[in-house]
1. On the phi < 0 side of the Ramachandran plot and of a type in the set (Gly, Ala, Ser): is that true of Gly142 in this structure?
2. Tally the residues that are part of a loop (DSSP other than H, G, I, E, B), surrounded by fewer than 16 Cβ atoms within 10 Å (Cβ to Cβ) and free of Cβ contacts under 8 Å to residues at least 60 places away in the same chain, restricting the search to region 81-132.
3. Among Lys104, Lys135, which is the only one that is at pLDDT below 95, out of contact with any Pro (no Cβ under 7 Å at 6 or more places or on another chain) and closer than 21 Å to Arg36 by Cβ?
4. Which residues, counting only those in region 12-42, are near the ligand (Cβ under 10 Å from one of its atoms) and touching a strand residue (DSSP E or B) at 6+ places or on another chain (Cβ under 7 Å)?
5. Only one residue in Ala44, Ala60, Ala64 is of a type in the set (A, V, I, L, M, F, W, C) and within 19 Å of Lys104 (Cα to Cα). Which one?
6. Applying the selection to region 78-95, what residues are closer than 23 Å to His179 by Cβ and within 12 Å of the ligand (Cβ to nearest atom)?
7. For region 133-173, give me the residue count where each residue is assigned to a strand (DSSP E or B) and farther than 30 Å from Lys85 by Cα.
8. Is region 162-173 home to any residue that is exposed (fewer than 15 other Cβ atoms within 10 Å of the Cβ) and within 17 Å of Phe8 (Cβ to Cβ)?
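The values are calculated or read from the model by the stated rules, or taken from the named source; none is laboratory data. These figures come from a predicted structure and were not determined experimentally. Cβ placement follows ideal geometry from the backbone for every residue including glycine, while neighbour counts extend to all protein chains displayed.
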Amino acid sequence: MTQGKFTFVGDYNLYSLVLGMIAVGVTDYVETGCRRGDTCNAVAFESIIPVWGCDTNGRAVKIALKQASRQLRLDVARSEAWLPKIVPDLGLLPLFYLDAHGGKVPVREELKIIDGLCGTCVIIIHDFIVPGRPKFTGKPAGGVVCDFNYVARAFGVLANYRFFYPDYDIPQGQHWAGHLLAFRKVEPFGLESGLWVERSDCLNEKR
Ligand SMILES: C[S@@+](CC[C@H](N)C(=O)[O-])C[C@H]1O[C@@H](n2cnc3c(N)ncnc32)[C@H](O)[C@@H]1O
């Protein structure tokens, strides 16, 4: 497994999870905010599925594309405009890694698009606050606190989803970004026991 310091910001549990899910049936890897392609390229190197990505930073995307891989489909675009164009071309079980975080965080718009256009899929929202686990940084951009309350409405019908948080220890001296993992209309799969915990109270959430 190629694991750079920057792939999923060094979180090798998350990287292993993604590769494991690809091994058992994920059809496409889709990353919003791919920047220089550190994570996209690592995933492309370890798999044969299409790897889609977009970023508003044209110079960064140019660098990403230098590491030519036939699977890479990267565009310079705002994720909110790009997702509706590419989702119809995806296979039956895409995995979305939502990491387009700049001055504005388009995660709610991205989720609404995915919820409206996708059947089964897996979604990972990066830089997400993990309740009770402060070592997982939320790194909210533009004053946004990216927690479950912030995104809940964008998922539409919550009963279509199962949600998980990371529940593993972080190596001494490191801080990894937290994430929320959502399985839409598919039984959760690929989760190594003890490393993720289900957010079981989501169906009772006040909306
Ligand atoms: C945290 S960095 C992404 C790191 C990258 N995912 C990786 O693993 O190497 C966030 C990126 O999101 C991009 N970005 C911000 N807003 C965006 C938007 N609306 N659409 C697409 N990309 C966006 C920024 O240009 C920046 O490169």
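1. Considered against the rule, which asks whether it is on the phi < 0 side of the Ramachandran plot and of a type in the set (Gly, Ala, Ser), Gly142 comes out as no.
2. Qualifying residue count, region 81-132: 4.
3. Only one candidate qualifies: Lys104.
4. Glu31, Thr32, Gly33, Cys34, Arg35, Gly37, Thr39, Cys40
5. Working: Ala44 fails: within 19 Å of Lys104 (Cα to Cα); Ala64 fails: within 19 Å of Lys104 (Cα to Cα).
Checking each option against the conditions leaves just Ala60.
6. Arg78, Ser79, Glu80, Trp82, Leu83
7. The first filter runs over region 133-173 and keeps only residues assigned to a strand (DSSP E or B), leaving 136-137, 161-166.
Next, only the ones that are farther than 30 Å from Lys85 by Cα stay: 136-137, 166.
Residues meeting the conditions: 3.
8. Narrowing region 162-173 to residues exposed (fewer than 15 other Cβ atoms within 10 Å of the Cβ): 169, 171-173.
Remaining after also requiring within 17 Å of Phe8 (Cβ to Cβ): 169, 171.
Yes, because at least one residue in region 162-173 is exposed (fewer than 15 other Cβ atoms within 10 Å of the Cβ) and within 17 Å of Phe8 (Cβ to Cβ).
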